[in-house]
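Below is one structure, written out as structure tokens, with a few remarks after it.
The values are calculated or read from the model by the stated rules, or taken from the named source; none is laboratory data. Quick caveat: nothing in here was measured; it's all calculated off a predicted structure. Positions of Cβ are generated from backbone atoms using ideal geometry, with glycine treated the same way; all protein chains shown enter the neighbour counts.
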Amino acid sequence: MSRVGSSAASGRHSRPGVVPGRVLYVQHAGCLGGSALSLRYLVQSMQDVGVECIVALARPCAELVEFYEAAAIKTLSAPDICCWDHSTVAPRSLSNPRHLADLASVATRWRASQEATLRLVDDVAPDLVHLNSMPLSSSASILTKAGVPFVWHVREPPPDQGVRTAMIRRIMLAAPQCVFITEYDKREWIGDAPARIIYNSVPDTWFERPPPARGRNDDGVVRFAYLGGFAAAKGATVLLEALRILQRTQSGWECVMPGCLSDARYPRKDRWVKRVARALGVPDPARRFVAAYATLAPAVVLRPFCTDIAGFLETVDFIVFPATLPHFPRPVIEAAALGKPAVGTDVGGVNECIVDGETGLLCRPGDAGSLAAALAEMIRRPDLRAATGNRARQRAQAMHSLSAQRLAVADVYRDVLRRPIEAARSPADSRVGSSAS
């Protein structure tokens, strides 16, 4: 292997006073969702100012390649880079067999993943690497050791306060620059240590759309959307019970749920853990949820993932984000950009994007009765929807525009590239054979 650090750290593509000329983005997600969308927005905005951007997919699949290439974003496959299981939607305990399987996979692939990261940097020769999420911990650890300028964009809070979190925290504290997407995440990961908070964003063009007074379908039905899938941390179980309560107590509403049906265009191969679970007779949560929510039809409408999120959100009156665990509520800021308020839960991240009574309503997490009451209030009161929607749009434009995010991220890039780079290591030191953490 060639010496990592000599080309990547030299800034050979960068221009003084502006953002780097070439950035390598490493994406951890293996399907469409908030993380993939956030990265696409950021990369497009960087390409708009002349940055050459390459996205390496640690979990490559046809839908992601098509998703990025539709935006003229070059992608590479990097399946040898391993990822911790996504902590936001899948917290794990040691009693969970899937968690143990994931830990075993990370442990056996850690050093090979570091080697793959260094090879990728050598091949692409970027000025700077942008790791798109916490699961890319093995890459972060070796890039720090090799002296490669990089930014670690942490998009989730810690899953627990155990050994895994302690190990990742140690890597974060050694990294040249971490960026967090909420104050809560930063505080839970590294406390008072220095880091930047840069909230996720919405394209500037969304704010140019005239905010409709209500959804497009003027049939007297109040429509709201849930865009969280069936993950427990997103509140799917609590929402199900709340909708059952709402169906008994409130009429004139419809809940539309994109992303809750599989897309026939992109058949997925089950992970071996799921195949074993199915063979042992363990029920599939997604199928169970589809069946349960289907009993609420026609008031509840399940759909596949929607790529035209802005167009879809214009057809609803508000959204619901019933998270039971802290994380960033991308649908909340997307709806706000279009003048649509949100009903959410008072958990970290969500309560940074919804001001209770001002831009939406907050309720107790995990409390179906509290959620049903908040939904009913939003359904019954068009004046509340209008007032909170207008204030949500104003706040989103100030805090969540893509142009503001691009400027903040570019400032972080410049800061990292201005720092003195550790003297280039020898090939033996740059490799991970004896010193991987």
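Of the listed requirements (1) closer than 27 Å to ARG209 by Cβ; (2) at pLDDT 95 or above; (3) not in a helix (DSSP H, G or I), PRO365 misses just one: (1). Which condition breaks for ASP204 when tested against (1) within 17 Å of the chain's Cα centre (by Cα); (2) under 24 Å from GLN44 (Cα atoms)? Of (1) within 17 Å of the chain's Cα centre (by Cα); (2) under 24 Å from GLN44 (Cα atoms), only one is false for ASP204: (1).
Determine if segment 286-299 includes at least one residue that is free of Cβ contacts under 8 Å to residues at least 60 places away in the same chain and within 17 Å of the chain's Cα centre (by Cα). For segment 286-299, residues free of Cβ contacts under 8 Å to residues at least 60 places away in the same chain and within 17 Å of the chain's Cα centre (by Cα): absent.
Pairs linking a residue in segment 309-335 that is more than 17 Å from MET378 (Cα to Cα) and without any contact (Cβ under 8 Å) to a residue 40 or more places away in the chain to a residue that is of a type outside the set (D, E, K, R) and surrounded by 23 or more Cβ atoms within 10 Å (Cβ to Cβ), with Cβ atoms under 8 Å and 6 or more positions apart or on different chains, are PRO329/PHE321; PRO329/ALA323; PRO329/ALA342; PRO329/GLY344; PRO329/GLY349; PRO329/VAL350; PRO329/CYS353; PRO329/ILE354. A single member of VAL320, VAL301, VAL316, VAL290 is in the same structural domain as MET257 (by TED's automatic domain parsing) and part of a loop (DSSP other than H, G, I, E, B), and it is VAL316.
Of these, LEU313, LEU338, LEU296, LEU371, which one is surrounded by fewer than 18 Cβ atoms within 10 Å (Cβ to Cβ) and touching a Leu at 6+ places or on another chain (Cβ under 8 Å)? Write out each step before concluding.
Details: LEU313 fails: surrounded by fewer than 18 Cβ atoms within 10 Å (Cβ to Cβ); LEU338 fails: surrounded by fewer than 18 Cβ atoms within 10 Å (Cβ to Cβ); LEU371 fails: surrounded by fewer than 18 Cβ atoms within 10 Å (Cβ to Cβ).
So the residue among LEU313, LEU338, LEU296, LEU371 that is surrounded by fewer than 18 Cβ atoms within 10 Å (Cβ to Cβ) and touching a Leu at 6+ places or on another chain (Cβ under 8 Å) is LEU296.
From (1) in a helix (DSSP H, G or I); (2) under 23 Å from GLU183 (Cβ atoms); (3) not hydrophobic (A, V, I, L, M, F, W, C), pick out the condition that doesn't hold for GLY344. Of (1) in a helix (DSSP H, G or I); (2) under 23 Å from GLU183 (Cβ atoms); (3) not hydrophobic (A, V, I, L, M, F, W, C), only one is false for GLY344: (1).
Of ALA71, ALA90, ALA107, ALA116, which residue is part of a helix (DSSP H, G or I), of a type in the set (Gly, Ala, Ser) and at pLDDT below 95?
On the way: ALA71 fails: part of a helix (DSSP H, G or I); ALA90 fails: part of a helix (DSSP H, G or I); ALA116 fails: at pLDDT below 95.
Going through ALA71, ALA90, ALA107, ALA116 in turn, just one is part of a helix (DSSP H, G or I), of a type in the set (Gly, Ala, Ser) and at pLDDT below 95: ALA107.
Taken over segment 32-53, the criterion of being surrounded by fewer than 19 Cβ atoms within 10 Å (Cβ to Cβ), farther than 18 Å from ASP308 by Cβ and hydrophobic (A, V, I, L, M, F, W, C) is satisfied by VAL49 alone. Put simply, of SER35, SER77 the only residue that is in contact with a strand residue (DSSP E or B) (Cβ under 8 Å, 6 or more places away or on another chain), at pLDDT 65 or above and more than 30 Å from ASP415 (Cβ to Cβ) is SER77. So, in segment 395-421, of the ones that are touching a helix residue (DSSP H, G or I) at 6+ places or on another chain (Cβ under 6 Å) and of a type outside the set (D, E, K, R), which residue ends up nearest to VAL129 (Cα to Cα)? Here the answer is ILE421. On the stretch given as segment 33-56, residues that are in contact with a Phe, Trp or Tyr (Cβ under 8 Å, 6 or more places away or on another chain) and part of a strand (DSSP E or B) total 4.
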